[in-house]
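Can you read through this structure? Questions will come right after.
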């Protein structure tokens, strides 16, 4: 599985650690160089690169880190086909995959340490989407991306 990772300057060290951890687990992990030179960089730039790689199929999943994780998740979710989830624990990561089919994981560098971040990423990547009743809800999110009212979708369609 190909994983693309990106961060701003506040998340660079964490994203490098996560990438190394994932490579050790057998994933193809590629960390972008945002913030690697110690200079401030803008999180939307990194979010866009990761999100478009995932949406286009160049990567299977993405991981984004900024100081709070909020900016990355907001920016990544602007890309059609991306379902970015900001999580702070393993349970939320697992549920974001099982119920929401999240394809981009967002983490807060200021709230999640290296060990927990690696554990979250591993759990998130190992989890599959359950489908079933959750598929309808994911389809409704896609309808919103198309500018449609999800309440107008045919029930059980």
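Where in the stretch 18-114 are the helices (runs of 4 or more DSSP H), entirely inside, with at least 1 residues that are in contact (Cβ under 8 Å) with a residue 40 or more places away in the chain?
The qualifying helices (runs of 4 or more DSSP H) are 43-56, 70-76.
Then there is this: Checking residue 8 against (1) closer than 21 Å to residue 123 by Cβ; (2) touching a residue at least 12 places away in the same chain (Cβ under 8 Å), which single condition isn't satisfied?
Only one criterion in (1) closer than 21 Å to residue 123 by Cβ; (2) touching a residue at least 12 places away in the same chain (Cβ under 8 Å) is unmet by residue 8, namely (1).
Determine whether residue 157 is surrounded by fewer than 16 Cβ atoms within 10 Å (Cβ to Cβ), over 14 Å from residue 7 (Cβ atoms) and at pLDDT 95 or above.
Here the answer is no, as residue 157 does not meet what is asked.
Same structure, new question: Could you please find all residues in the stretch 63-86 being touching a strand residue (DSSP E or B) at 6+ places or on another chain (Cβ under 8 Å) and within 18 Å of residue 138 (Cα to Cα)?
73, 76, 77, 82, 83, 84, 85, 86
Let me ask something else. Of the residues 69, 132, which is loosely packed, with under 15 Cβ neighbours inside 10 Å and either out of contact with any helix residue (DSSP H, G or I) (no Cβ under 6 Å at 6 or more places or on another chain) or closer than 15 Å to residue 44 by Cα (or both)?
132
The values are calculated or read from the model by the stated rules, or taken from the named source; none is laboratory data. Computed from a prediction, not measured in an experiment: that's the story for all the values here. Ideal geometry is used to build each Cβ from the backbone, glycine not excepted, and the neighbour counts take in all protein chains shown.
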